[in-house]
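All of the numbers you see were taken from the coordinates with simple rules; none came from a lab. Owing to the predicted nature of the structure, the values given are computational and were not obtained by experimental measurement. Cβ atoms come from the backbone with ideal geometry, glycine included; neighbour counts cover every protein chain shown.
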Amino acid sequence: MARMKTVIVIGTLDTKGPELAYLQDQVIASGCQALLMDVGVHNQSETAADINAGEVARTIGEDIEVLRALPRARRWKESVTQLRFTFCNSWRKIKHTE
């Protein structure tokens, strides 16, 4: 029996929550498992994430509240750069364990 594919829907829930929830629903409707990952650093979202922004921040050794307190340009530059690096490394590890 084939394993169900998992799709990670990644986005900033603080600004695109309903749109990303819609994408998650569409992935599920297509027969895949879908996890919603919040990489937003601006505000708390009303859309529930499977992997919330606080968890994502911890993977790069940061506290989400500290990131949110930074000036906007610096917050964005630092968090996106680190998140990209962390995600790429995690993806490589996942691909090597399949």
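Could you put 23, 13 in order, starting from the residue whose Cβ has the fewest other Cβ atoms within 10 Å?
So the residues, fewest neighbours to most, are 23, 13.
Which residues among region 23-61 fall inside the zone where the amide N is under 18 Å from a point 7 Å beyond the Cα of residue 4, along Cα→Cβ?
23-37, 49-51
So for the pair residue 72, residue 51, with labels modelled 7 Å out along Cα→Cβ, what separation do we get in nm?
So the two model labels end up 2.7 nm from each other.
Provide 19, 62 in ascending order of the number of other Cβ atoms located within 10 Å of each residue's Cβ, fewest first.
Ordered from fewest to most neighbouring Cβ atoms within 10 Å, 19, 62 come out as 19, 62.
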